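Reviewing the structure listed below.
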Amino acid sequence: MNPRLGVLLKTGAALCATLMLACVKGLNGAIPTGEVIFFRSFVALIPLLIWLKLQGNILDSLKTRNIVGHLIRGFSGTGGMYFNYLALVYISLADATAISYAAPLFTAIMAALLLKEQVRLTRWVAVVVGFSGILIMLSANLAA
């Protein structure tokens, strides 16, 4: 285990994600959102295929026993990306980032509702406090 490498990789991932969103925001809707997502995904296939090739047989890596699960994840991931990119046409990158902090909060809610996981009172309090914090960050825009 190398925690420093992990921190460096996570920081690099956050920087790359921020740069990607800044590029999408820079387009300001000049290119349709679906087209941006298509080319982003198409370009992402290149390193993925290289990585799979280095792992061994590409076709074996693509086999699955749960095609429905993969389709659900694929459509929900694409939907999330689509709405995320489309939101950048209408709101600032800072506001979009502030709202994205709600993702872990929605995860806790969905874990309880969809997966029937037990969520203790302290976690529910944290979810409410978290949503309150997001509303405070966005309060200047909500009042306008």
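The values are calculated or read from the model by the stated rules, or taken from the named source; none is laboratory data. Remember, it's a predicted structure, so these values are computed and weren't measured experimentally. Cβ coordinates were reconstructed from backbone atoms using ideal geometry, including for glycine residues, and neighbour counts include every protein chain displayed. What goes into the accessible areas is simple: the full protein's heavy atoms, side chains included, and nothing from ligands, DNA or RNA. Shrake-Rupley method; radii C 1.70, N 1.55, O 1.52, S 1.80 Å.
Per residue, the average separation of C-alpha pairs within less than 8 Å and at least 6 apart gives the chain a relative contact order of 26 percent.
Would you list which aspartates and glutamates come within 17 Å of Lys25, measuring only between C-alpha atoms, while excluding same-chain residues fewer than 8 positions from it? Correct list for Lys25: Glu35, Asp95. Shape class of the range 86-138 from the alpha-carbon gyration tensor: oblate, with a/c at 1.5 or above and b/c at least as large as a/b.
Computed log10 I(q)/I(0) for the range 1-79 at 0.11, 0.17, 0.19, 0.25 Å⁻¹: -0.46, -1.03, -1.15, -1.18, from the Debye equation with unit scatterers placed on every C-alpha and solvent omitted.
Under the combined filter of DSSP loop state and at most 11 neighbouring Cβ atoms within 10 Å, the range 8-67 retains these trypsin sites (Lys or Arg not before Pro): Lys63, Arg65. Semi-axes of the equivalent ellipsoid of the range 34-83 are 22, 17, 6 Å, computed as sqrt(5λ) over the eigenvalues of the C-alpha gyration tensor in descending order.
Translational diffusion coefficient of the range 8-144 (Stokes-Einstein, Kirkwood radius from Cα pairs, 37 °C, 0.692 mPa s): 183 µm²/s. Of Val129, Val89, Val36, the order by accessible heavy-atom surface (1.4 Å probe, DNA, RNA and ligands excluded), from most exposed downward, is Val129, Val89, Val36. Heavy-atom accessible area with a 1.4 Å probe sorts Thr97, Thr33, Thr18, Thr122, largest first, into Thr122, Thr18, Thr97, Thr33.
Of the trypsin sites (Lys or Arg not before Pro) found in the range 76-144, those in coil by DSSP whose Cβ has at most 10 other Cβ atoms within 10 Å are Lys116, Arg120. Rg over Rh for the range 55-115 works out to 1.12, using Cα positions for both radii and the Kirkwood form for Rh. Only lysines eight or more places from Lys53 in sequence, or on another chain, were considered; those with a Cα closer than 16 Å are Lys63.
Under the simplified labelling scheme, the Tyr101-Leu8 pair shows an inter-label distance of 2.9 nm, with each label point 7 Å from Cα along Cα→Cβ.
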